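Engineer: The structure is given below, and queries will be raised subsequently.
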Amino acid sequence: MKRRDFVKATAIASAGMLVGKSSIAEDDAISARNAAKFKLNYAPHFGMFRRLAGNDPIDQLKFAADQGFAAWEDNGMKGKPVELQDKIAKTMDELGMTMGVFVAHADFRSKGFVTNDKDARDRVVQDVKDSIDVAKRVNAKWVTVVPDAYVDNKEWGYQTANCIELLRRCAEVCEPHGLVMVLEPLNWWTNHPGLFLHKIPQAYEICRAVDSPSCKILFDIYHQQIQEGNLIPNIDMAWSEVGYFQCGDNPGRKEPGTGEINYRNVFKHLHAKGFDGIMGMEHGNSKPGKEGDQAVIDAYRAADDF
C-alpha cells in the first residue's frame, strides 16, 4: 500500500473509531440517566410498562429496575400462582427491589367491619390469615385492607367501634409475623360511594384506637385530594400512623403532572420528613403505547427533581 493510501485509510478508520466511541458514550450516558436512582421509592405495577418491556412480568421487573425504580407493588399478588410468586420474589431480590402492598381484604359489598355479622367478620380475619404465607413468599411487609361498606341505619360511632374491634383481631394475626395492614380510605365523590373508610382523620382515629404496629394508614394522595384536599397538613397531622403512600393525579388518576396536584412539592415534603417507605404508583398511563410508558417515567423524573 502506498503511503498516501495508508494515511487515508488510517484517517478513515480513526474517524470511524471516534464515531463508534461517541455513539457508545452517548448510549452509556442515556443508560446511566435512566438508571439513576430516584429520591423516593416509587413502585410501579405489572402492566404499567408492558409496551416497552413486553408482557412477561419478569421482564417488566427488570425493565423497571433498569429505569431506576427500587420498589414494586401488585394488588393482585394474592391470586397469582405460587410458582410465579416465587419467581417474582427471586427476581426482585436479585434486582434489589422492595415489595410493596398487595390486597389482603377488600369486599365493597360486605358490611362485616361495621356490623356484628359473625360470619362476615370471620371471613375478614381468614382473608388476613391467608395473606401471611403470600407475604412471606414475596417478602412483603404491607398488605392493603379496605374496611368495606357502611350501613345507613346505625349510628356512626357504633360502626366505628365495630371496625376497631375487628381490626384488633386482625392485628393479632399480623403482629407475630411483622406484617402491617395498611387501611386505605377511598373517596366517595368519584370512585367509591358507600364505603366506610373515606378520610384520613377517620383512619387516624381508628389506628390510634387499634393501637398496634400492625395497623397503619395507606395514604392514597389521589383519593384524598378528591375527598378532602389539604394534603400536606393532613400528611403531617396523621404522620405517626401513616405506613404507606400511593399516588395518582386528579382528575383522571394518571401520572404526576397530568392533573392539579403539585407532586413535586408533595414528594419534596415527604423526602424532607425522612420518608423511606414506598410510594405506590396506583394509576394509569395518560397516553397509549410506548410513548405512554415513557411519559410515566419522564413524569416521575420531573416530580422527583427537587
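Read the figures in this text as sums done on the coordinates, not as results from a lab. The shown structure was predicted, so the numbers you read here are calculated from the model rather than taken from an experiment. Glycine also receives a Cβ, built like all others from the backbone with ideal geometry; neighbour counts cover every protein chain displayed.
Engineer: Label points 7 Å out from Cα along the Cβ direction at K136 and D298: separation in nm?
Structural biologist: Inter-label distance under the simple model: 4.6 nm.
Engineer: In percent, how large is the relative contact order of the chain, given Cα pairs closer than 8 Å and 6 or more residues apart?
Structural biologist: That works out to 16 percent.
Engineer: Another question, if that's okay. What is the helix-to-structure angle for 57-66, meaning the angle in degrees between its Cα long axis and the longest Cα principal axis of the chain, kept from 0 to 90 and rounded to the nearest 10?
Structural biologist: Roughly 60 degrees between the two axes.
Engineer: Given Cα positions, please report Rg to Rh for the stretch 37-303, the hydrodynamic radius being the Kirkwood one.
Structural biologist: Computed over Cα atoms, the ratio is 0.96.
Engineer: While we're here: Could you order peptides 283-296, 175-188 by the average number of other Cβ atoms within 10 Å of their residues, highest first?
Structural biologist: Taking the mean over residues of other Cβ atoms within 10 Å, the ranking is 175-188, 283-296.
Engineer: So, one more: Could you give the angle, 0 to 90 degrees to the nearest 10, between helix 156-174's Cα long axis and the longest principal axis of the Cα atoms of the chain?
Structural biologist: Computed tilt is about 60 degrees.
Engineer: Rounded, prolate or oblate: which fits the stretch 103-250, taking a ≥ b ≥ c as square roots of the Cα gyration tensor eigenvalues, rounded meaning a/c under 1.5, else prolate when a/b beats b/c?
Structural biologist: Oblate, since a/c reaches 1.5 and b/c is not below a/b.
Engineer: Nothing charged except the Cβ atoms of Lys and Arg (+1) and of Asp and Glu (-1): what's the magnitude of the dipole of the chain about its Cα centre? Round to the nearest 20 debye.
Structural biologist: For this selection, approximately 1160 debye.
Engineer: Beyond a 23 Å Cα-Cα separation, which of these cross-linked pairs lie in this structure: K80/K216; K90/K141; K37/K62; K141/K290; K118/K154; K129/K254?
Structural biologist: K80/K216; K141/K290; K129/K254
Engineer: Expressed as an acute angle from 0 to 90° and rounded to the nearest 10, what is the orientation of the C-alpha long axis of helix 200-210 relative to the principal long axis of the chain?
Structural biologist: The two axes meet at around 60 degrees.
Engineer: At 0.36 nm per residue, and after removing the present C-alpha to C-alpha distance, how many nm does the segment from L84 to E228 gain when stretched out fully?
Structural biologist: 48.0 nm
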